[in-house]
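The values are calculated or read from the model by the stated rules, or taken from the named source; none is laboratory data. These numbers were taken from a predicted model, which means no experiment stands behind them. No Cβ is skipped: glycine too gets one built from the backbone with ideal geometry, and neighbour counts run over all protein chains shown. Ligands, DNA and RNA are stripped out before the accessible areas are found, and what is left, the full protein with its side chains, is counted by its heavy atoms. Shrake-Rupley method; radii C 1.70, N 1.55, O 1.52, S 1.80 Å.
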Amino acid sequence: MIPSVLPTYNRAPLSFVKGEGAWLIEADGRRFLDLAAGIAVNALGHAHPALVKTLTDQAETLWHVSNLYHIPQQQALADRLVEHSFADTVFFTNSGTESCELAVKMARKYFHDKGQPERVEILTFSGSFHGRSSAGISAAGSEKMTAGFGPMLPGFKHLMFGDLDGVTDAITDQTAAILIEPVQGEGGIRPVPDNEMKALRQICDEHGLLLILDEVQCGVGRTGKLFAHEWAGITPDIMMVAKGIGGGFPLGAVLATEEAASGMTAGTHGSTYGGNPLGCAVGCAVMDHVTDPEFLAEVSRKAGLLRQKLEGLVAAHPQVFEAVRGSGLMLGLKCVAANTDVVAAGYEAEVVTVPAADNVVRLLPPLTLTDEDIAEAFARLDQAATLVEAKADA
Ligand SMILES: Cc1ncc(COP(=O)(O)O)c(C=O)c1O
């Protein structure tokens, strides 16, 4: 009999009932170190006092009103995002997938309204992930996500990750945009080098294309800058955000320049919940922290410390790990052993990590992780690796 929850996940035999900072407490009382943060969501950790207060204060005042009315919390969050980014304007969504939907619509509408309706095609890359909607899976294009769900939405051309020559060759009069994650998450924590980000910007400028960045996983302070593209010194035309911006409240956003957003006039797009008072009040509280230069400097310092520990871990367990990669607190352990065995051994060692493609174990801890948590992360991952080795030797 089918379970009452549609069985689209292979769930671990764990059930967390409480969170405190970088720790998750299991129903049986065990404390797990959370190096996953709900897949890069709990940017400020669990039960952060400022987020709890903001959410409860707002809940006592007003939860939801329609976008048919002005929403002061939404205005405040949009102003904060515009102030701290390349963007001139913001639309709020409830998830990364919905941000992808709007990014694709916005790019196509831009060219439609400029009198070039044939320019609908978006170039995307192998290993990418842009969500599970029809547009999201069509954009990413992998067999794993698309099999059985055809027909795919037309208008995406899939290129090899890192193949810049392929990008130039793929551009035609129908090309509208390039869509890329500055650091691939699901694809195995693969950062796009700064020189490639710069080259993509240049290609877009030369060919009059829009550059769409998917910062759903790598944005909102995760790499030590507010947005990952800042490391390359470039700006996109459109950017998708979600996950960390809500700190655990379902919230996403599409940020855009005035020019790129010019086709999105009244009536062209909407969302019932997107940008509601609860979500945006929490988003403002997250922004209070992640826009603070000292907070971002701490992310980079802690990322350096964690990375150093992970390098030691890789050196100590060559049968289990091959390399560390990533940016800031978005790190990947490329495995020699099966990554799923490493994640499962982590559960035994009471540390939570996430598998990704390319046999990588992802570490996406809360950005508020402490130095003590980092020492504990090393100890628990070391224990997990020892368990994997023991199983291989048995
Ligand atoms: C880069 C990227 N884009 C889009 C999404 C989809 O976001 P959501 O699951 O919030 O719809 C994800 C989710 O993992 C992601 O990592």
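I need the full set of residues from the stretch 25-51 which are closer than 17 Å to LYS243 by Cα and part of a helix (DSSP H, G or I), in order please.
Pass one, the stretch 25-51, residues closer than 17 Å to LYS243 by Cα: 34-48, 51.
Correct list: ALA37, GLY38, ILE39, ALA40, LEU51.
In the stretch 310-347, which residue that is of a type in the set (Gly, Ala, Ser) and not in a helix (DSSP H, G or I) is surrounded by the most Cβ atoms within 10 Å (Cβ to Cβ)?
GLY332
Residues in the stretch 73-89: is at least one within 30 Å of PRO236 (Cβ to Cβ), touching a residue at least 60 places away in the same chain (Cβ under 8 Å) and of a type in the set (Asp, Glu)? Checking the stretch 73-89: at least one residue is within 30 Å of PRO236 (Cβ to Cβ), touching a residue at least 60 places away in the same chain (Cβ under 8 Å) and of a type in the set (Asp, Glu). Inspect the stretch 256-279 for any residue being in contact with a strand residue (DSSP E or B) (Cβ under 8 Å, 6 or more places away or on another chain) and in a helix (DSSP H, G or I) and give the result as yes or no. So far as the stretch 256-279 goes, yes, one or more of its residues are in contact with a strand residue (DSSP E or B) (Cβ under 8 Å, 6 or more places away or on another chain) and in a helix (DSSP H, G or I). In the set (1) of a type outside the set (S, T, N, Q); (2) within 21 Å of PHE16 (Cβ to Cβ); (3) outside any strand (DSSP E or B); (4) open to solvent by less than 40 Å² (accessible area, probe 1.4 Å), the condition left unmet by VAL361 is number (3). Listed by first and then second residue, the pairs with beta-carbon distance under 6 Å, at least 6 apart or on different chains, first residue in the stretch 2-24 and modelled with pLDDT of 95 or more, second of a type in the set (Gly, Ala, Ser), are SER15/ALA27; VAL17/ALA27; GLY19/ALA47; GLU20/ALA47; GLY21/GLY45; ALA22/GLY45.
With the requirement that a residue be open to solvent by 50 Å² or more (accessible area, probe 1.4 Å), closer than 24 Å to PRO191 by Cα and more than 13 Å from the ligand (Cβ to nearest atom), what does the stretch 84-121 give you?
HIS84
Of all residues in the stretch 227-245, those that are in a loop (DSSP other than H, G, I, E, B), away from the ligand (no atom under 11 Å from the Cβ) and open to solvent by less than 10 Å² (accessible area, probe 1.4 Å) total 2. Among the conditions (1) open to solvent by less than 50 Å² (accessible area, probe 1.4 Å); (2) in contact with a strand residue (DSSP E or B) (Cβ under 9 Å, 6 or more places away or on another chain); (3) under 25 Å from SER128 (Cβ atoms), the only one that VAL351 does not satisfy is (3). What about ASN67, is it surrounded by fewer than 15 Cβ atoms within 10 Å (Cβ to Cβ) and farther than 27 Å from LEU306 by Cβ? When the stated conditions are applied, ASN67 does not pass them. Taken as a whole, the structure leaves LEU81 outside the set of residues that are open to solvent by less than 60 Å² (accessible area, probe 1.4 Å), assigned to a helix (DSSP H, G or I), out of contact with any Lys or Arg (no Cβ under 8 Å at 6 or more places or on another chain) and within 16 Å of the ligand (Cβ to nearest atom).
Taken over the stretch 247-266, the residue count meeting the criterion of being within 11 Å of the ligand (Cβ to nearest atom) and either of a type in the set (A, V, I, L, M, F, W, C) or over 12 Å from the mean Cα position of the chain (by Cα) (or both) is 2.
Report yes if THR124 is within 30 Å of SER262 (Cα to Cα), open to solvent by less than 20 Å² (accessible area, probe 1.4 Å) and in contact with a His (Cβ under 8 Å, 6 or more places away or on another chain), otherwise no. So THR124 fits the description; yes.
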